[in-house]
Structures are given as structure tokens and as C-alpha cells.
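Undergrad: One structure, as C-alpha cells, below. Some questions next.
Where a number appears in this text, it was derived from the coordinates with a stated rule and is not lab data. Remember, it's a predicted structure, so these values are computed and weren't measured experimentally. FYI the Cβ positions are ideal-geometry reconstructions off the backbone, even for glycines, and counts take in every protein chain you see.
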Amino acid sequence: MVDVRTSTLVPLLVALVNATPGCGSDPPFPSDYETRYRETRLPCQISHDHELRYVRVFADDAAYQPYTTGVGAFPVGATLLKAEYDDPACSELLSYVLMVKLEPGVGPAEEHDWTWQRFDPDLTEVHDPRFIPTTCIDCHDYHCAAPPLGNDYTCTPGAPEPMPRP
Ligand code: HEC
């Protein structure tokens, strides 16, 4: 006999765990991000962050509108994922960077209520306290802290480039 409670509970739990980024040893973002999230900049393109990497940027439903239009606040949990590649066809994956919007005041003030994380292609988190998250935040602050350059430290597609640093 099929136990109805178990058969309905297990998929629900799996869905909940998958929806919780960075939780314990769970994957930091869903492995089907290419279909579950929406791609925001097409096609594969060279990054503006001058590391000579090619990038694809994905937004979940909550992040899509404020990210692509540059207007409106990001709700808690809104997720932006950038996949970084070595080649102009975006086939040789080098790393990921991830930002998830936090409840106001949960993290340090200088992190602007975002998580700032880098991952290897196998989803191992890269911990390098010399650069992460300070270098991430420093560049996003300069590049896209607020309109017209960006929206809440995200680098809105199509936004103007900042003036070169003095
Ligand atoms: C030298 C500047 C620079 C540094 C350092 C940097 N970023 Fe970015 N980041 C950008 C720019 C510019 C974009 C817009 C997309 C592009 O052109 O690559 C971006 C895009 C992103 C995106 C996609 C959403 C968005 O804001 O456009 C995420 C997520 C992200 N970065 C996270 C990080 C994290 C995490 C780190 C540190 C581990 C980091 N970035 C370091 C400049 C930088």
C-alpha cells in the first residue's frame, strides 16, 4: 500500500531544501538554474569587470524585474547568479558568483543586505577573506551602487559604465 503522507511529503521537502540557498551542505543554487531562472543578458558576453571572462547572468523571478529594469526594490531572497567562462561561446565554465538579498540588518552594514559568494564549477565555495567579499562589494559599489549605474549594488544590464576611478 502507498503511504500517501510520505509520498506527498518527500517531494515537498526536496522542493523546500532546493529553494533555500546556502543552507548547510545543500547546493547553493539549483542545478537547473538555466531553466529555472531567467537569463538577463543575451548572448554570452564579455564581462564589464575586466577580468577577460565571458559571462551569462541569471535572475530568479523575484530579482528579474528590479535587475533588468533598474527600478524597484529587490525582495528578500531575490537571487542573481553569474556564470563565468573562459571562451566567447560560454562553454568552458570557470566559476560562479552569487548574490542573494537578505533581510535588512541581518549581515554587516557594509555588505548592503546581500550575500557575496564565489563557487568553483563543482559548487565548492571559494573562501578567500583577502578578496571576498570586500573586493566584490568595492567594485559593485563603484560600478553600480545606485541609478543610473545600477540598482542596489547590482549592475543592471544596459546601464552606463561608471567614470574611470580617479
Ligand atoms: C572589478 C569589478 C567587479 C568585481 C571585483 C566583482 N564584480 Fe560582480 N559584477 C561586476 C559587473 C560589471 C557586473 C555586470 C555583469 C558583467 O559585465 O560582468 C557584475 C555582475 C555580478 C553579478 C550578476 C548581477 C549583477 O550585479 O549584475 C553577480 C551575482 C556578481 N557580480 C557577484 C559578484 C561577487 C560575489 C563578487 C566577488 C566574489 C564580484 N561580483 C566581484 C563587477 C565586479
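Undergrad: Nearest 10 degrees, 0 to 90: what angle lies between the long axis of helix 4-18 and the longest principal axis of the chain (Cα atoms)?
TA: Value to nearest ten degrees: 10.
Undergrad: Okay, moving on. Magnitude of the Cβ-charge dipole of the range 19-166, K/R +1 and D/E -1, about the Cα centre, nearest 20 debye?
TA: Dipole of the range 19-166, to the nearest 20 debye: 360 debye.
Undergrad: Once the Cα atoms of helix 134-144 and of the chain are each reduced to a long axis, what angle between those two axes, in degrees from 0 to 90 to the nearest 10, is obtained?
TA: The answer is roughly 70 degrees.
Undergrad: Calculate the spin-label point distance for ARG130 paired with GLN45, positioning each point 7 Å from the Cα along the beta-carbon direction, and give it in nanometres.
TA: It works out to 3.2 nm between the two label points.
Undergrad: Filter the trypsin sites (Lys or Arg not before Pro) in the range 55-158 down to the DSSP loop ones having no more than 13 other Cβ atoms within 10 Å, then list what survives.
TA: ARG130
Undergrad: I've got another one for you. Any idea what the relative contact order of the chain is, in percent, if you count C-alpha pairs under 8 Å spaced at least 6 apart?
TA: 13
Undergrad: Moving to a separate point now. What list do you get for VAL55, VAL106, VAL100, VAL126 if you sort them by fewest beta carbons within 10 Å?
TA: VAL106, VAL126, VAL55, VAL100
Undergrad: Please give the length that would be gained between VAL106 and ALA146 if that part of the chain were fully extended, namely 0.36 nm times their separation in residues minus their C-alpha to C-alpha distance (nm, one decimal).
TA: 12.3 nm
Undergrad: Then there is this: Compute a Gaussian network model of the chain, connecting alpha carbons closer than 10 Å, and tell me which residue from THR124, THR134, THR35 fluctuates the most.
TA: Of THR124, THR134, THR35, the most mobile in the Gaussian network model is THR35.
Undergrad: Next question, about the same structure. Quick one: LEU123, LEU81, fewest Cβ neighbours within 10 Å first, how do they rank?
TA: Ranking LEU123, LEU81 by Cβ neighbours within 10 Å, fewest first, gives LEU123, LEU81.
Undergrad: Report the full-extension gain for the segment GLU92 to THR69: residue separation times 0.36 nm, less the Cα-Cα distance, to one decimal in nm.
TA: So the chain would gain 5.4 nm between GLU92 and THR69.
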